Amino acid sequence: MKNMKKFTALALAAVFALSLAACGSSVPENTVNSMADIEAGGKKIGVQTGTTGDILSTSYEDDGLATVERYNKGADAVQSLKQGKIDCVIIDAEPAKVFVEKNSDLKVLDEPFIEEEYAISIDKSNSALKEEINAALAELKADGTLDAIKKNYTGSDEEKGKTPYESPADVDRSNGKLIMATNAEFPPYEYYEDGKIIGIDADMARAVADKLGRELDIQDMAFDSVIAAVTSGKADVGVSGMTVTEERLKNVDFTDTYADSKQVIIVRAK
């Protein structure tokens with residue numbers, strides 16, 4: 001009986017091991033190593049709904065070259081990539097770095113998808129606010145504040161966390177609120193830490209609000225709701241790593257740019 005029990009245990013262990021191996025082998029090997037692989041057709045591209053990656057990937061979809069799977073969060077697209085449900089994810093460079101740092105089975109291709117610039121979206125009727133924000137951004141660029149904010153989140157390991165933005169002690173916020181619409185699923189630009197929204201965009205917007213004598217009020221929402229919040233008057237500005245595109249300019253205006261970035265391609269590492 002002991003031998004029979006031992007044999008049964010060994011058999012079950014072997015079956016369990018085989019099932020694990022089968023699960024591991026269910027994730028296909030990486031099929032995208034360059035833009036040329038995407039342009040060759042037949043790939044499934046993951047994007048976050050409403051983002052630049054979504055807008056640009058749509059052309060491949062319209063031409064019948066790819067299937068575009070859209071997700072509410074970039075993290076959900078990355079998870080589908082890990083599971084082998086899609087072939088790649090197109091997303092902004094800095095969030096891509098964060099995802100890859102946390103997932104050793106993923107990598108970012110050296111070849112960028114497209115270069116881009118971030119700016120603050122504003123309703124077309126609010127030209128006065130646009131001028132005020134542009135003036136504030138110019139000052140923050142000139143005095144090094146904007147560079148320090150970026151370095152605090154994206155600098156070297158020795159630089160990160162060393163130059164957090166701090167509002168001046170004598171700041172006057174008597175001009176009311178500056179309501180910022182964002183999607184706090186986009187590290188290092190906006191994300192939650194200890195229940196608070198932080199990141200490059202959050203600090204930059206706070207510095208701008210300080211210059212304008214306003215209190216910053218950050219409203220978190222789905223990314224594809226940000227522009228609607230601005231045009232409806234629910235928010236004064238949209239700040240969410242937003243690229244200036246011809247499509248978006250049909251609905252909103254944009255300030256001067258405050259950051260350069262690029263769309264990159266995340267793939268499985270093997």
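Here are the numbers for this structure:
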| read-out | value |
| --- | --- |
| Long-range amide H partners of E69 with built H, under 5 Å | I45, G46, V47 |
| Given (i) 6, 25, 34, 26, 8, 1, 0; (ii) 7, 26, 29, 19, 10, 5, 3, 1, 0; (iii) 7, 31, 35, 21, 6, 0, the label whose value is P(r) over Cα pairs in 10 Å bins from 0, in percent derived from this model | (ii) |
| The stretch 30-66-the stretch 115-176 distance, computed between alpha-carbon centres (Å) | 33 Å |
| Residues whose placed amide H lies under 5 Å from that of L106, excluding near-sequence neighbours | A269 |
| Cut-off 14 Å between beta-carbons: net charge of the residues surrounding Y192, Lys and Arg +1, Asp and Glu -1 | -4 |
| Total charge dipole magnitude, the stretch 65-131, about the Cα centre, Cβ charges on Lys, Arg, Asp, Glu only, Debye to nearest 20 | 360 debye |
| Rounded percent of accessible protein surface that carbon and sulfur make up, the stretch 132-270, 1.4 Å probe | 44 percent |
| Translational D in µm²/s for the stretch 124-233 (Stokes-Einstein at 37 °C, 0.692 mPa s, Kirkwood Rh from C-alpha pairs) | 222 µm²/s |
| Protection proxy ranking, peptides 58-66, 187-195, average beta carbon neighbours within 10 Å, highest first | 187-195, 58-66 |
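The values are calculated or read from the model by the stated rules, or taken from the named source; none is laboratory data. Quick caveat, the model's predicted, so the values are computed rather than measured. Don't worry about glycine lacking a Cβ; one is built from the backbone with ideal geometry, like all the others, and counts go over all protein chains shown. Surface accessibility is based on the protein's heavy atoms, side chains included, excluding ligands, DNA and RNA. Shrake-Rupley method; radii C 1.70, N 1.55, O 1.52, S 1.80 Å.
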